[in-house]
Amino acid sequence: MAFAIFRGLRFPVVAALVLNATASYAQLDPPALAKLESLRMSPESTGTLVYRGDTFAQHPPFGLPLYRYERRVLRTPTGLTARHITRDPTGRVVIVEASVVSPTYAVQRFEVVNQQAGFAGSAVISQAGHHLDYELNSNGTVSRASEDVSDPVVTGPSLFGFILKNWDTLKAGSTVPVRMVVLKDKTTYGFDLRFEKLVHGQVSFTVTPSSFLVRLAVAPLRVVLDAATRNAVRYEGRVPPMENVSGKLQDLDARVEYTSISPTYR
């Protein structure tokens, strides 16, 4: 879902990243709640609809989607702003991720409002792409942090576009390292992008944690694109929304099936 990609990867091997929330949604401050309600009422205000994604759990029973989300894109003078708007089965907007990116999908700013996990915040990436400044409001507590990185920065709304921009490099067999923003933790984690296979007109790429410890908790993610149109077909792996299991919200490893609305991916 890109991430799709992808709000936050919560890695249970690290105690500080464990989340055992109740199934009732957390409280956000009024401006964040107002943003969610505004997007529920008028998502078209955030740009052109590119695709819709139906999010299923990877385990049975499958049934109806646990969540549905849409990608909307708004052109800017320096690139575009891509938003992923996630709704629960009642139609309530529970998570919004927005990435401001350049024409090459270099991330300039990333914002998240997540009512499930009770946080809202932003990451601002320097023009050179090597420095990040974070601001996070988590259940009413505001904190800040900064980070320097050497590899390209990606987010859920920018991941597919970054793969498309590096299509030829990946298809040639090269590994492309990236840093995935985890805003909830005010940091990035390393992942390696690789071409996996071409089967029945569909090209798949894997997104594998570069850290051994993270790999123990998070299986490689898989992005499947149409070989001819290069539109999104499927995503498999950790997603931003969580699953209600016996009244508790737990991390969700999902299968997301896409329906393209726009003839080309943006």
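Figures for the structure shown
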read-out: Residue list for region 146-179, restricted to those being part of a strand (DSSP E or B) and out of contact with any Asp or Glu (no Cβ under 8 Å at 6 or more places or on another chain); value: E147, D148, V153, V154
read-out: Wholly enclosed strands (runs of 3 or more DSSP E) of region 67-145 bearing at least 1 residues surrounded by fewer than 17 Cβ atoms within 10 Å (Cβ to Cβ); value: 67-76, 107-114, 119-125, 131-138
read-out: Qualifying residue in region 186-198 (condition: over 21 Å from V256 (Cα atoms), polar (S, T, N, Q) and either at pLDDT 95 or above or touching a Ser or Thr at 6+ places or on another chain (Cβ under 7 Å) (or both)); value: yes
read-out: Counted residues, region 203-245 - those being closer than 20 Å to V96 by Cα and aliphatic (A, V, I, L, M); value: 3
read-out: Those residues of region 219-265 which are open to solvent by 50 Å² or more (accessible area, probe 1.4 Å), outside any strand (DSSP E or B) and more than 22 Å from E196 (Cα to Cα), in sequence order; value: S246, I261, P263, T264
read-out: Given (1) touching a Gly at 6+ places or on another chain (Cβ under 8 Å); (2) more than 18 Å from G53 (Cα to Cα); (3) crowded, with 18+ Cβ neighbours inside 10 Å, number of the condition S211 does not satisfy; value: (3)
read-out: Index of the failed condition, L216 passing every other in (1) free of Cβ contacts under 8 Å to residues at least 40 places away in the same chain; (2) more than 15 Å from the chain's Cα centre (by Cα); (3) open to solvent by 60 Å² or more (accessible area, probe 1.4 Å); value: (1)
read-out: Residues located in region 68-103, provided they are modelled with pLDDT of 95 or more and of a type in the set (S, T, N, Q); value: T81, T86, S99, S102
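Here is a yes/no grid of residues against (1) polar (S, T, N, Q); (2) within 17 Å of S262 (Cβ to Cβ); (3) without any contact (Cβ under 8 Å) to a residue 40 or more places away in the chain:
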site	(1), (2), (3)
Y51	no, yes, no
T55	yes, no, no
L66	no, no, no
L80	no, yes, no
T90	yes, no, yes
V96	no, no, no
Y105	no, yes, no
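The values are calculated or read from the model by the stated rules, or taken from the named source; none is laboratory data. Bear in mind the structure is a predicted one, so any value in this text is a computation, not a measurement. Cβ sites come from the backbone with ideal geometry, for glycine too, and all protein chains shown count toward neighbours. Calculation scope for accessible area: heavy atoms of the full protein, side chains included, ligands and nucleic acids excluded. Shrake-Rupley method; radii C 1.70, N 1.55, O 1.52, S 1.80 Å.
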